[in-house]
Amino acid sequence: PHPIILNVSGRKYRTHSATLQTSPCFQNLLARWPSCSDRQADGSYFIDADPAVFEHVLQFMRRPSQFPLFWTKATGLDYALYTKLEAEADYFLLHDLRDWIRTKRYLGAVKTVTDVE
């Protein structure tokens with residue numbers, strides 16, 4: 001299989017069509033790409049999305065059983081990123097990811113313990 005290069009608002013991502021097939025939205029795009037104007041002069045396909053958030057969308061399509069954890073000890077959970085990713089997951093019809101975020105299942109992914117002396 002040939003790699004597909006996605007141009008997501010200027011940032012390039014290389015993947016395979018099998019990875020993109022996990023999304024019904026991309027299934028539709030793949031069917032029409034050979035004859036559409038989304039193809040750029042360099043052969044990449046333009047996707048109008050936030051490239052920083054799309055990185056997580058693509059990672060989920062590559063490993064659909066691994067849900068993202070946006071947490072650091074210093075800042076805690078990144079609720080803003082979860083909100084952005086939920087919107088993109090909804091747009092790209094990744095219902096498992098969207099529902100995982102929508103039901104806030106990420107809240108159970110981190111357990112913090114505080115020792116009090």
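The values are calculated or read from the model by the stated rules, or taken from the named source; none is laboratory data. All figures in this text were calculated on a predicted structure; none of them were measured in a lab. When we count neighbours, we look across all protein chains shown, and the Cβ atoms used for this are built from the backbone with ideal geometry, even at glycine. Heavy atoms of the whole protein, side chains included, go into the accessibility calculation; ligands, DNA and RNA do not. Shrake-Rupley method; radii C 1.70, N 1.55, O 1.52, S 1.80 Å.
Brief remarks follow.
- Estimated FRET transfer efficiency (Gln40, Arg102; beta-carbon r; R0 41 Å; 0.05): 0.80
- Net charge of neighbours whose Cβ lies under 11 Å from the Cβ of Phe70, counting Lys and Arg as +1 and Asp and Glu as -1: 0
- q = 0.10, 0.19, 0.20, 0.21 Å⁻¹, the stretch 4-108: log10 I(q)/I(0) [Debye, one scatterer per Cα]: -0.29, -0.94, -1.03, -1.11
- Remark: the stretch 4-108 carries 58 Å² of accessible area per residue (probe radius 1.4 Å; ligands, DNA and RNA excluded).
- Summed side-chain charge close to Val8 - residues other than Val8 whose Cβ falls under 10 Å, Lys, Arg +1, Asp, Glu -1: -1
- Summed over qualifying helices (DSSP H, 4 residues or more, each -39500 (n - 2.57)) and divided by its residue number, the chain shows a 222 nm mean residue ellipticity of -11000 deg cm²/dmol.
- When a 1.4 Å probe is rolled over the protein heavy atoms, the share of accessible surface on the chain that falls to carbon and sulfur comes to 50 percent.
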